[in-house]
1. State which residue is nearest to the other protein chains (Cβ to nearest Cβ) when the search covers only segment B:33-66 and only residues that are part of a loop (DSSP other than H, G, I, E, B) and surrounded by 19 or more Cβ atoms within 10 Å (Cβ to Cβ).
2. Kindly state which strands (runs of 3 or more DSSP E) lie completely within segment A:35-107 and contain at least 2 residues that are within 14 Å of chain B (Cβ to nearest Cβ) and surrounded by 20 or more Cβ atoms within 10 Å (Cβ to Cβ).
3. Out of B:Thr78, B:Thr69, I need the residue that is out of contact with any Pro (no Cβ under 8 Å at 6 or more places or on another chain), closer than 24 Å to A:Leu101 by Cα and more than 13 Å from chain A (Cβ to nearest Cβ). Which one?
4. Residue by residue through segment B:33-61, note down the ones that are over 18 Å from B:Leu99 (Cβ atoms) and touching a residue at least 24 places away in the same chain (Cβ under 8 Å).
5. Being within 22 Å of A:Asp96 (Cβ to Cβ), over 10 Å from the mean Cα position of the chain (by Cα) and surrounded by 13 or more Cβ atoms within 10 Å (Cβ to Cβ) narrows it down to one residue among B:Ser85, B:Ser30, B:Ser26; which is it?
6. Being assigned to a loop (DSSP other than H, G, I, E, B) and of a type in the set (S, T, N, Q) is true for just one of B:Ser28, B:Ser12. Which residue is that?
Amino acid sequence: DTAVSQTPKYLVTQMGNDKSIKCEQNLGHDTMYWYKQDSKKFLKIMFSYNNKELIINETVPNRFSPKSPDKAHLNLHINSLELGDSAVYFCASSQDFGGGLIQFFGPGTRLTVL
Amino acid sequence: GENVEQHPSTLSVQEGDSAVIKCTYSDSASNYFPWYKQELGKGPQLIIDIRSNVGEKKDQRIAVTLNKTAKHFSLHITETQPEDSAVYFCAASDSNYQLIWGAGTKLIIKP
């Protein structure tokens with residue numbers, strides 16, 4: 001069974017569109033994350049979220065928003081897509097909120113904006 | 001805030017030789033230092049971690065060393081094999097308990 005899953009694996013869309021990426025974890029974890037990985041492989045944290053707190057990286061444009069229908073899901077909504085949004089997006093989860101905990105990553109969603 | 005620097009960005013070693021990747025951090029309050037391996041087309045996966053109360057940890061061919069005084073930590077892979085080829089990331093927890101990531105090292109194992 002996949003611990004952290006994401007859909008879709010590939011997403012190709014036009015500039016200006018709105019899209020969503022879904023993430024689900026079956027580990028019973030309380031905290032989930034979204035990361036952006038650019039073409040140079042640099043990993044950038046976008047959001048950290050549990051049922052108590054949302055931490056937003058201040059450099060993330062407000063076109064990006066996380067939505068959590070329940071503890072096992074954290075979806076990423078992106079409005080008005082731009083060329084620079086092209087990247088691989090990773091969802092991750094950890095048992096609780098804290099830097100000393102193992103993060104489990106999903107397989108990634110490659111977003112291409114044309 | 002915390003800053004993590006990772007070197008080298010690319011490392012090519014002969015199969016069977018050892019590989020060493022180094023990271024430095026800036027926040028002396030950091031107390032957790034994991035290493036993740038990312039294979040092609042996959043998400044990063046934890047391979048080893050170390051906490052600030054120990055100086056070294058080993059797991060088969062992989063070891064991590066930590067020098068708190070100098071604020072640096074290193075990943076050592078011995079007897080490298082083709083399946084070790086991947087991108088490796090170091091990270092450090094900052095004072096807000098967030099993980100701050102290094103820029104990654106692409107490790108190439110030459111047959």
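Each reported figure results from applying straightforward, stated rules to the coordinates on display, with no laboratory input. Since this is a predicted model, take the numbers as computed values, not measurements. FYI the Cβ positions are ideal-geometry reconstructions off the backbone, even for glycines, and counts take in every protein chain you see.
1. Going through the qualifying residues, I end up with B:Gly43.
2. A:43-49, A:87-94
3. Result of the check over B:Thr78, B:Thr69: B:Thr69.
4. Once the filter is applied, which keeps residues that are over 18 Å from B:Leu99 (Cβ atoms) and touching a residue at least 24 places away in the same chain (Cβ under 8 Å), segment B:33-61 yields B:Glu39, B:Leu40.
5. Unique residue meeting the criteria: B:Ser30.
6. The match here is B:Ser28.
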